[in-house]
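**Student:** The structure that follows is given in the form of structure tokens.
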Amino acid sequence: MQFSDFNLKKEILKRLEEIGFEKPSLVQEKAIPVILQGRDVVAQAQTGTGKTAAFGLPILSKMQKGEKALVITPTRELAIQVSEEIFRFGKYLGVHTATVYGGSSYARQIKHIASSEFIVATPGRLLDLLKSGRIDIAPKYVILDEADEMLDMGFLDDIKEIFKFVPNDRQTLLFSATMPNPIKELAKTILKNPEFITITKKQVTNENIKEYFYVIDENERKDALIRLLDYKNPSKSIVFCRTKKDVDDIADFLSGAGFDAKGLHGDMDQRRREDVIKGFKNDKIEILVATDVAARGLDVNNVTHVFNYHLPLDPESYVHRIGRTGRAGKEGMAISLVTPHEFKALSRIQKIAKLTLKEIPSIEDIKNSEITKIIDKISSIDPSEKAIEIVEKLQNEYDLLTIATKFAHMLFSKEVDGKKRIGKSIKEATKLIQRSKNQNNDRRRGNRYSRNKNSRRKRR
Ligand code: ADP
Ligand code: MG
């Protein structure tokens, strides 16, 4: 299927070709024709599947002179991203976008709202403007983007209230990565006879992402992270932590260990957060250490690895997190550190994702893999004139073996150090996981036999 198969305006098709969108994604394929028909739509598809274009392209194509579209997004960062994306698509339609969020000038936003066809807003500020009567918009199209995140962030009531201010004669679209019940309920009240589009788990499982997990003890987390970073040598990665304190702690720790790492979390002021995101986008920062909330909707391409320093508590967060890599057809890897305390969370995640158990490489493994890489590289080299000249000059002073050894030395980037072994072997880990499963089953069944057996053993 191609974008030209849809009835999109020629200005849009031209632009898509320019920005290199070749093929519609699955959610785009399903949503675009239905939205073009004027139907309300509820669409569920994983993060990174192109939901912005799925609503942006058809709405831009349909929009008549004088009509307005309102997009509601959970965070300021997302509002900015969606706004930029729409503006990018709409280049040849001369579409204006206004981005509306808290903490920035009212006057400027009000002016932009008046002169823009697309308004992209966070719920709090939007409601504030509507309630105080400072703006009066009658959008023909209303889009709730990343609805599940708005629910998580406690915006449900605000959203319901916002709908009191928009006309009934409208087309409403709801996009979300997951579909928890309150969102389904909301959809029933604000959408009219919607078409439901679900890109099921199986279809969205991103074949480009390899998912691995490693079983370790709690006190091994930092060593394990460094060892895996040394081994995988990622060019651009995100390390997810559970708390802001962990973010600061790990970012400092990694910087201290010589990595270009920076933390990102909600307690940092807006200026610093923007600097960090920019640095990461521009490849000035190699490793971004972040909480789930801070990384919400972060749209950075070319992330090669996602590390779960701690497992997230719920499977949905896991899916959100790993969706930061393997984007736009590129390969990605998701790596999770798991302690026996986290086995329960692991088994919930394993219901929807396929994680392979791995062993953390030993120092010996790292050395061997480096050596193999260097040998491969050397065999593929076709020496230049300059190289030959250098060796000829060196031969006046050294024998060939010494010269070769010195060059080989130069190829090793850095010495790896640390403990010989970190974490559990596959055999140990499998045993621990099995034991924890058995214990849970016993507990669930209230298995008297095994309890008696244990107590008997204790008494003896
Ligand atoms: P989602 O909202 O589902 O998380 P986005 O709309 O943010 O996903 O899109 C993720 C990335 O993929 C963006 O950088 C976007 O420009 C890009 N993208 C979307 N659709 C396509 C497509 N059909 N071809 C190539 N890139 C695309
Ligand atoms: Mg999105």
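**Student:** Name the strands (runs of 3 or more DSSP E) wholly within the range 1-120 that hold at least 1 residues that are of a type in the set (Gly, Ala, Ser) and either more than 14 Å from Ile143 (Cα to Cα) or open to solvent by 10 Å² or more (accessible area, probe 1.4 Å) (or both)?
**Tutor:** Output list reads 97-100.
**Student:** Okay, moving on. At pLDDT below 90 and at negative phi, is that true of Gly323?
**Tutor:** yes
**Student:** Then there's this: Residues that are modelled with pLDDT under 80 and exposed (fewer than 14 other Cβ atoms within 10 Å of the Cβ): does the range 295-305 have at least one?
**Tutor:** No, the range 295-305 contains no residue that is modelled with pLDDT under 80 and exposed (fewer than 14 other Cβ atoms within 10 Å of the Cβ).
**Student:** For Ala53, all conditions in the list (1) at pLDDT below 95; (2) near ligand 1 (Cβ under 9 Å from one of its atoms); (3) within 17 Å of Val120 (Cα to Cα) hold save one; what is the number of the exception?
**Tutor:** Single failed check for Ala53: (1).
**Student:** Any idea which of Gln28, Gln44, Gln37 is away from ligand 2 (no atom under 16 Å from the Cβ) and under 21 Å from Leu191 (Cβ atoms)?
**Tutor:** Answer to the selection: Gln37.
**Student:** Take the residues in the range 230-259 that are in contact with a helix residue (DSSP H, G or I) (Cβ under 8 Å, 6 or more places away or on another chain), at pLDDT below 95 and part of a helix (DSSP H, G or I); name whichever of them is farthest from Asp417 (Cα to Cα).
**Tutor:** Step by step, filter the range 230-259, then rank; the result is Tyr231.
**Student:** In the range 274-288, what residues are buried (at least 18 other Cβ atoms within 10 Å of the Cβ), farther than 17 Å from Met333 by Cβ and more than 16 Å from ligand 1 (Cβ to nearest atom)?
**Tutor:** Correct list: Val276, Ile285.
**Student:** Related question: So which residues in the range 318-361 are more than 16 Å from ligand 2 (Cβ to nearest atom), closer than 21 Å to Lys236 by Cβ, without any contact (Cβ under 8 Å) to a residue 40 or more places away in the chain and surrounded by fewer than 20 Cβ atoms within 10 Å (Cβ to Cβ)?
**Tutor:** none
**Student:** Mind telling me which of the residues Glu67, Glu85 ends up being among the acidic types (Asp, Glu) and within 11 Å of ligand 1 (Cβ to nearest atom)?
**Tutor:** It is Glu85.
**Student:** Now for a different question. Quick one: which helices (runs of 4 or more DSSP H) lie wholly within the range 126-215 and hold at least 1 residues that are touching a strand residue (DSSP E or B) at 6+ places or on another chain (Cβ under 8 Å) and buried (at least 19 other Cβ atoms within 10 Å of the Cβ)?
**Tutor:** Filter on the range 126-215 gives 147-152, 156-162, 181-190.
**Student:** Looking at (1) open to solvent by less than 100 Å² (accessible area, probe 1.4 Å); (2) at pLDDT 85 or above, which one does Lys427 not meet, given that it meets all the others?
**Tutor:** Failing condition for Lys427: (1).
**Student:** Among the listed residues Ile390, Ile381, Ile403, which satisfies the condition of being within 40 Å of the chain's Cα centre (by Cα) and either aliphatic (A, V, I, L, M) or exposed (fewer than 13 other Cβ atoms within 10 Å of the Cβ) (or both)?
**Tutor:** Of Ile390, Ile381, Ile403, the one residue that is within 40 Å of the chain's Cα centre (by Cα) and either aliphatic (A, V, I, L, M) or exposed (fewer than 13 other Cβ atoms within 10 Å of the Cβ) (or both) is Ile381.
**Student:** Can you pull out the residues in the range 152-168 that are away from ligand 2 (no atom under 15 Å from the Cβ) and either touching a residue at least 12 places away in the same chain (Cβ under 8 Å) or hydrophobic (A, V, I, L, M, F, W, C) (or both)?
**Tutor:** Within the range 152-168, Phe155, Leu156, Asp158, Ile159, Lys160, Glu161, Ile162, Phe163, Phe165, Val166, Pro167 meet the criteria.
**Student:** Identify, please: which residue in the range 362-412 is closer than 26 Å to Asp223 by Cα and assigned to a loop (DSSP other than H, G, I, E, B) and is, among those, modelled with the highest pLDDT?
**Tutor:** Top of the filtered list is Ser362.
**Student:** State whether the residues of the range 116-127 include one that is out of contact with any Pro (no Cβ under 6 Å at 6 or more places or on another chain) and farther than 30 Å from Lys281 by Cβ.
**Tutor:** yes
The values are calculated or read from the model by the stated rules, or taken from the named source; none is laboratory data. Given the structure is predicted, the values throughout are model-derived calculations rather than measurements. Please note: Cβ atoms are built from the backbone with ideal geometry, for glycine as well, and neighbour counts cover all protein chains shown. With ligands, DNA and RNA removed, areas are computed over all heavy atoms of the protein, side chains included. Shrake-Rupley method; radii C 1.70, N 1.55, O 1.52, S 1.80 Å.
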